[in-house]
Amino acid sequence: MGRREYGGGGMPGWLGGLVEESFFVGCGTHENRRKNEKNIFCLGCCTSICPHCVPAHPSHPLSRVRRYVYNDVVRLEDLEKLIDCSFVQPYTINSAKVVFLKPRPQSRPSKVAGNTCSTCDRILQEPFRFCSLSCKVDHVLLQGEDLSSILFRFDESELAFSRFENLRDDDDDGRITGGAVLEGPMQSKVGSPSGHAGRGSSGTKKNKSNAGFFPQIVLSLNNRRKGAPHRSPLS
């Protein structure tokens with residue numbers, strides 16, 4: 001999806017900036033500093049900043065953006081303070097629920113019958129309708145609806161500067177590793193331990209059976225070696 005110029009529809013500048021800004025690129029102001037990637041979004045200035053920029057935004061609400069497989073994500077608990085994320089499909093990555101900010105690239109629209117994103121046709125689980133925050137925002141705008149219906153009046157103290165003071169020295173650079181697990185009604189069947197319980201237990205039994213099988217062969221061979229040799233009678 002190309003860059004969309006957001007405007008009108010009751011959209012605050014921070015929302016357009018959040019879904020359109022570039023993150024995890026080097027900060028020009030702090031290009032000679034370590035950990036200078038832009039992984040924070042300033043809702044006051046509607047721009048992405050790096051950890052070294054944080055002291056220059058002491059009274060501004062800030063939100064952390066993370067990176068998963070070259071895609072920008074935000075923790076659901078942080079995003080829900082700003083906007084209604086219902087029907088946007090979340091994922092669990094490293095024990096935290098996250099939402100993609102933009103639709104992930106796909107080679108071509110899916111033609112598989114089933115539940116798909118209302119904006120970009122990516123396959124989704126029921127009952128979700130959007131694969132990313134951007135897709136939900138686009139859909140609301142295309143329907144001619146007012147975005148104020150999905151925006152929340154957030155408490156700036158919950159997005160305060162103090163939460164990011166030590167980020168420059170933090171080993172966590174915001175890049176998430178590990179597998180993503182779909183959230184929703186099918187969670188127990190997609191990547192959850194309970195979904196593989198039967199398979200795991202049967203595998204355990206099989207391993208135990210094999211563990212009992214091979215020693216019997218070894219024991220049999222040992223007995224044959226230790227037994228008296230069977231010689232043919234002398235003629």
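Considered as a group, the residues in the stretch 14-63 that are under 23 Å from ARG104 (Cα atoms) and of a type in the set (Gly, Ala, Ser) include one that is most open to solvent (accessible area, probe 1.4 Å), and that residue is SER22. Report every pair of residues separated by at least 6 positions or lying on different chains whose Cβ atoms are under 7 Å apart, first residue within the stretch 138-159 and over 20 Å from LEU76 (Cβ atoms), second modelled with pLDDT under 90. As it stands, the answer is LEU141/GLY9; ASP146/GLY9; ASP146/GLY10; SER148/GLY10, since those pairs meet every condition given. When PHE100, PHE87 are checked against the criterion of being in contact (Cβ under 8 Å) with a residue 24 or more places away in the chain, on the phi > 0 side of the Ramachandran plot and in contact with a strand residue (DSSP E or B) (Cβ under 8 Å, 6 or more places away or on another chain), a single residue qualifies: PHE87. Checked against (1) at pLDDT below 90; (2) open to solvent by 50 Å² or more (accessible area, probe 1.4 Å); (3) in contact with a Gly (Cβ under 8 Å, 6 or more places away or on another chain), ARG4 meets all criteria but (3).
On inspection, GLN143 qualifies as of a type in the set (S, T, N, Q) and more than 26 Å from ARG175 (Cα to Cα).
Among the residues making up the stretch 152-174, those that are open to solvent by less than 70 Å² (accessible area, probe 1.4 Å) and either at pLDDT 95 or above or in a loop (DSSP other than H, G, I, E, B) (or both) are PHE154, ALA160, ASP170, ASP172, ASP173, GLY174.
Quick one: which of PHE100, PHE130 is modelled with pLDDT of 95 or more, surrounded by 18 or more Cβ atoms within 10 Å (Cβ to Cβ), among the hydrophobic types (A, V, I, L, M, F, W, C) and touching a His at 6+ places or on another chain (Cβ under 9 Å)?
Working: PHE100 fails: touching a His at 6+ places or on another chain (Cβ under 9 Å).
Within the list PHE100, PHE130, the selection yields PHE130.
Residues of the stretch 103-123 that are modelled with pLDDT of 90 or more and assigned to a loop (DSSP other than H, G, I, E, B): PRO103, ASN115, CYS117, SER118, THR119, CYS120, ASP121, ARG122. Could you count how many residues in the stretch 35-63 are of a type in the set (S, T, N, Q), farther than 25 Å from VAL181 by Cα and assigned to a strand (DSSP E or B)? So the answer is 2.
How many residues are part of a loop (DSSP other than H, G, I, E, B), in contact with a strand residue (DSSP E or B) (Cβ under 9 Å, 6 or more places away or on another chain) and open to solvent by 20 Å² or more (accessible area, probe 1.4 Å) when one looks only at the stretch 64-79? Talk me through it step by step, then tell me what you get.
Taking the stretch 64-79 as the starting set, the residues that turn out to be part of a loop (DSSP other than H, G, I, E, B) are 65, 69-70.
Keeping just the survivors that are in contact with a strand residue (DSSP E or B) (Cβ under 9 Å, 6 or more places away or on another chain) gives 65, 69.
Retained after the next criterion (residues that are open to solvent by 20 Å² or more (accessible area, probe 1.4 Å)): 69.
Within the stretch 64-79, residues that are part of a loop (DSSP other than H, G, I, E, B), in contact with a strand residue (DSSP E or B) (Cβ under 9 Å, 6 or more places away or on another chain) and open to solvent by 20 Å² or more (accessible area, probe 1.4 Å) number 1.
Inside the stretch 84-134, residues that are of a type in the set (Val, Ile, Thr) and within 15 Å of VAL65 (Cα to Cα) make up a count of 3.
The values are calculated or read from the model by the stated rules, or taken from the named source; none is laboratory data. Quick caveat, the model's predicted, so the values are computed rather than measured. Cβ coordinates were reconstructed from backbone atoms using ideal geometry, including for glycine residues, and neighbour counts include every protein chain displayed. Calculation scope for accessible area: heavy atoms of the full protein, side chains included, ligands and nucleic acids excluded. Shrake-Rupley method; radii C 1.70, N 1.55, O 1.52, S 1.80 Å.
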